[in-house]
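Here's the structure we're looking at; comments come further down.
The values are calculated or read from the model by the stated rules, or taken from the named source; none is laboratory data. Computed from a predicted structure; not experimentally measured. Glycine also receives a Cβ, built like all others from the backbone with ideal geometry; neighbour counts cover every protein chain displayed. Each accessible area value is taken on the protein alone, full model and side chains, heavy atoms only, with ligands, DNA and RNA left out. Shrake-Rupley method; radii C 1.70, N 1.55, O 1.52, S 1.80 Å.
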Amino acid sequence: MKPFPNIKGSPSRGNPKKGYRLDPAHPNAPQGSAEEYPHINYWDYTRGKRSDMGLSGAEPITE
């Protein structure tokens, strides 16, 4: 996968249909959520949109 061109912000790989992004902790994230820590956001919409067969989420980086 190639990085997104001309996008500022968190490092990303993939495309709008499938990829991942490294994000810092969000200061207002709910306690206990993956976004409370630095985390990886991922998405895969190759089989449909979010509400159908698409996948998306966040995995915390705690170590």
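When the residues of the stretch 38-54 are narrowed to those that are under 9 Å from residue 18 (Cα atoms) and not aromatic (Phe, Trp, Tyr), which ends up most open to solvent (accessible area, probe 1.4 Å)? Talk me through it step by step, then tell me what you get.
As a first pass, look at the stretch 38-54 and keep what is under 9 Å from residue 18 (Cα atoms): 42-46.
Narrowing further to those that are not aromatic (Phe, Trp, Tyr): 44, 46.
Working: 44: 39, 46: 88 Å².
In this case the residue turns out to be 46.
Within the option set 29, 58, being aliphatic (A, V, I, L, M), without any contact (Cβ under 8 Å) to a residue 40 or more places away in the chain and part of a loop (DSSP other than H, G, I, E, B) holds for one residue only, 29.
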